[in-house]
Amino acid sequence: MALIRLQTQHFRNLAPQSLRLSPSVNLIYGENGSGKSSFLEAVGYLGLGRSFRVNRHDAVVQHGEAALTVFGEVTLPAADEAREESHRIGYSRNTTERETRLRVDGESVRQLSTVAQYLPVSVIDPGTFEIVAGGPGRRRQFLDWLVFHVEHGFASDWQRLQRVVSQRNKLLRNDRMDESLLRLWDQQYVELAERVTATRSRVFEQFLPCLQSLIGEANLPWAESIGFDFFRGWDRKTDLGDVLRNHRDQEHRVGHTQYGPNRADIRLRLAGRPVSETLSRGQQKTLVVLMKLAQARLLCEKGTQCIFLLDDINAELDESNRALLASRIRDLGSQAFITSIEPPRPEQLWGDARPDFKVFHVEHGKLTEE
């Protein structure tokens, strides 16, 4: 699976151009502000439907324009695995009308998940390292990205769950709470919560051996003692329906749902304490790199290739972590987009065992292949 062509229009400072990309490694370099991160961001839009740098779509549209468009051509193995098939995917967003249009092979589709499934994009940028040090939301997002690409029914269950949570929260915020109506929403909530949680737990149990294997291969004694536990969002010994009934007054006071999948977490502990308190910053970064690689390894075992977006890793990772990441990406056969300020030196990452690659120089938003 690889993105072999990308075309953008009115996306940040990128010039409108159609680029042919390497299905293996693409090295992009240029000065700060030249458009390196914007290029990765455009690739990310096809796989995530949003920016990995900012929360607002209108921050990404070029100044003076109302809409952005990102188009890509993706190759992936055909059903008989003897050949590849090609798909065209597109994303456009009109920020004035707040309208999103999605297309696959020339046909309009309604769900972002329909487009995203063609491009499993894994981002490693400065914000990524908050997976360990940040709050539970970061780790939920990490796990759910993997669950989405492994269990294709997860997206619809999660969307239905969010609609139920929204309705339930409206009732909790009312001064006069309708208890009978709330019990009906509770019933739907518990059913969906258990399905989402079972799916998350199943994928987490598949992910963990991949991570532990990578830790062993990297020969990191400090990481071998880390405990990784999936917390489902409420006490595992208690039925969620009982939890909701027992905390009805508490949830009514705060006005929103406090127990369930929205509070799930991956708990990382060393000697009984959170790893954010026990590991150095460098060790935390190494752990995040291994977690990201474990995601990709599991997808590879499922027959899907992950596509890595590595933004200025020279500034974020030391030489050993860069070599670890580069060698594992090569071994997985994953496509990668790697940015840097300086002209890239592939021999520093891979030595003589370099994968196929293309080099692009970025200047004033225009990429030129070298």
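The values are calculated or read from the model by the stated rules, or taken from the named source; none is laboratory data. Given the structure is predicted, the values throughout are model-derived calculations rather than measurements. When we count neighbours, we look across all protein chains shown, and the Cβ atoms used for this are built from the backbone with ideal geometry, even at glycine. Each accessible area value is taken on the protein alone, full model and side chains, heavy atoms only, with ligands, DNA and RNA left out. Shrake-Rupley method; radii C 1.70, N 1.55, O 1.52, S 1.80 Å.
What translational diffusion coefficient, to the nearest whole µm²/s, does the range 248-370 have by Stokes-Einstein, given a Kirkwood radius computed over alpha-carbon pairs, a temperature of 20 °C and 1.002 mPa s viscosity?
It diffuses with D of about 121 µm²/s by this estimate.
Between beta-carbons, use under 13 Å as the cut-off and find the net charge around R88, counting Lys and Arg +1, Asp and Glu -1.
-2
Give the accessible surface of the range 47-138 per residue, rounded to a whole number of Å², with probe radius 1.4 Å and ligands, DNA and RNA excluded.
Accessible area per residue: 54 Å².
From the Cα trace of the range 236-275, what convex hull volume per residue do you get, rounded to a whole Å³?
Once divided by residue count, the hull of the range 236-275 is 103 Å³.
Once neighbouring chains are kept in place and the probe is 1.4 Å, which whole percent of the accessible area of the chain is contributed by carbon and sulfur?
Whole-percent figure for carbon plus sulfur exposure: 44.
Of S166, T96, G72, which is farthest towards the positive pole of the range 51-166's charge dipole, taken about the Cα centre with +1 and -1 on the beta-carbons of Lys, Arg and Asp, Glu respectively?
Positive-end residue among those listed: S166.
Can you give the net charge of the other residues whose Cβ lies under 11 Å from the Cβ of K358, counting K and R as +1 and D and E as -1?
It works out to a net charge of -2.
Based on the mean of other Cβ atoms within 10 Å per residue, sort peptides 153-159, 1-7 so the most packed one is first. It would help to have the intermediate numbers written out before the result.
Details: 153-159: 15.7, 1-7: 19.0.
Put in order of decreasing packing, that is 1-7, 153-159.
Calculated FRET efficiency, E84 and E363, Cβ-Cβ r, R0 41 Å, to nearest 0.05? Don't jump to the answer; show the numbers that get you there.
On the way: r = 33 Å, r/R0 = 0.80.
With R0 = 41 Å, the Cβ-Cβ based efficiency is 0.80.
What does the extension gain come out to for L181 and S201, with contour length at 0.36 nm per residue minus their alpha carbon separation?
Between L181 and S201, full extension yields an extra 4.2 nm.
What lysines sit close enough to K302 to cross-link, taking a C-alpha to C-alpha distance under 21 Å and skipping anything fewer than 8 places away on the same chain?
Filter leaves K292.
How big, on average over all directions, is the shadow cast by the Cα convex hull of the range 132-195, in nm²?
Over every viewing direction, the Cα hull of the range 132-195 projects on average to 5.4 nm².
Within a Cβ distance under 15 Å of E369, other residues only, what is the Lys/Arg minus Asp/Glu net charge?
+2
Can you tell me the convex hull volume per residue for the range 1-138, based on C-alpha atoms, in Å³ to the nearest whole number? Mind dumping the intermediate values first?
Working: hull volume 19.9 nm³, N = 138.
Convex hull of Cα atoms, per residue: 144 Å³.
So for the chain, what are the equivalent ellipsoid semi-axes in whole Å, largest first, each being the square root of 5 times an eigenvalue of the Cα gyration tensor? Write out the running numbers ahead of the final one.
On the way: eigenvalues 264, 144, 73 Å².
Output for the chain: semi-axes of 36, 27, 19 Å.
Using a cut-off of under 20 Å, list every residue of the range 89-105 whose amide N is near the label point 7 Å from the Cα of T304 along the Cα-to-beta-carbon line.
What the label zone holds, given the 20 Å backbone N cut-off, is 89-91, 102-105.
Only Lys, Arg, Asp and Glu count, each charged at its Cβ (+1, +1, -1, -1), so figure out the dipole size of the chain about its Cα centre, rounded to 20 debye. Don't skip to the answer; put the middle values down first.
Details: 49 positive and 49 negative charges, 206 e Å.
Rounded to the nearest 20 debye, it is 1000 debye.
What is the ratio of the Cα radius of gyration of the range 99-166 to 2.2 N^0.38 Å, with N the residue count, to two decimals?
Its radius of gyration relative to the 2.2 N^0.38 Å reference: 1.30.
How many Å² of accessible area per residue for the range 220-367, probe 1.4 Å?
Accessible area per residue: 47 Å².
Testing the spin-label approximation: label points 7 Å from Cα along Cα→Cβ at I341 and R163. State their distance in nm.
Reported label-point gap for I341 and R163 is 4.9 nm.
Expressed in nm to one decimal, what extension gain is obtained for the pair N174 and R5 from 0.36 nm per residue of sequence separation less their Cα-Cα distance?
Net length gain for the segment: 55.7 nm.
In 10 Å bins starting at 0, how do the alpha-carbon pair distances of the range 138-278 split up by percent?
Pairs per bin, as whole percents: 11, 36, 29, 17, 6, 1.
Over the chain, what is the mean sequence separation of C-alpha contacts under 8 Å (at least six apart), divided by residue count, expressed as relative contact order in percent? Write out the running numbers ahead of the final one.
Details: 624 pairs, mean separation 95.8, N = 370.
Relative contact order of the chain: 26 percent.
Test of understanding: what is the full-extension gain from A353 to D331, defined as 0.36 nm times their sequence separation minus their Cα-Cα distance?
The span from A353 to D331 would gain 6.9 nm if fully extended.
In the chain, with Lys and Arg counted as +1 and Asp and Glu as -1 at Cβ, which of these residues, F39, S113, S18, has the Cα nearest the positive end of the dipole, that is, farthest along it?
S113
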